[in-house]
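The values are calculated or read from the model by the stated rules, or taken from the named source; none is laboratory data. This one's a predicted model, so the numbers in the text were calculated from it and none came from an experiment. Heads up: the accessible areas ignore ligands, DNA and RNA and are worked out on the full protein's heavy atoms, side chains in. Shrake-Rupley method; radii C 1.70, N 1.55, O 1.52, S 1.80 Å.
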Amino acid sequence: MKKVLSFIILNSCLLIFAQNLNLRNTISEDFEFPQKLQEDDIAIVREISGGWTAYDYLTYYFIDNNGNINSYSEERPKKYLKNNELKTTLKNLELTEDKKSKIKQLINSMQLSEFLKFNQEDFKLKVDENLAPPCIISDHSTIQLTFIQNNKQNSYRYYAPKYYYEKCPQININKKMLKKYIDIINLL
């Protein structure tokens, strides 16, 4: 009985990582990865840009069909800066087992499946009312998440998502979607 149960658990774990994310957009050719993607591998890229620093910060998560996760962090000078002394650095990250478990759970969750059905435009609600002036905040970062699989991608970006969710009263912000976005960011 134990062998049968172990066989079922092992096979279900292998099937779990053959997850198809059903992404919509073709990946751009100028996207460079620190690791080559094989068929059905999943890459998640979290990019933090903006603010007063000279760098954009990227974190890459690569998940293969066996559930193995490789991760890298990259500091990249902002494209508009003309300082030749600023260099890109790439480091291999060692993830804790807890972090790996959270990433695997996210990939296989209904939470992510439902979120990936949204488009960038869905962060804003269509309202006919006169809108209050936009919330103004400075020195915060934009967070972009890109999900990649089989040369397809979905990308989402939002400036200061936590601030806009918690403190901005504008009625055209899709707070439900923004909350889902923040929840996914917090898992990564």
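Tell me, what HN-Hα J-couplings in whole Hz come from the Karplus equation 6.51 cos²θ - 1.76 cosθ + 1.60 at θ = phi - 60° for each residue of the stretch 76-82, using x for Gly and Pro?
Result, ordered by residue: 10, x, 4, 4, 7, 7, 10 Hz.
Over the chain, calculate the relative contact order: mean separation of alpha carbon pairs under 8 Å at least 6 apart, over the residue count, as a percent.
Relative contact order of the chain: 26 percent.
Ignoring ligands, DNA and RNA, what percent of the accessible area of the chain is carbon or sulfur (1.4 Å)?
Here it works out to 52 percent.
Distance between the C-alpha centers of the stretch 49-81 and the stretch 159-181? Whole Å please.
Taking the Cα centre of the stretch 159-181 as reference, the centre of the stretch 49-81 is 24 Å away.
With the other protein chains left in place, how much accessible area per residue, in square angstrom, belongs to the chain at a 1.4 angstrom probe?
64
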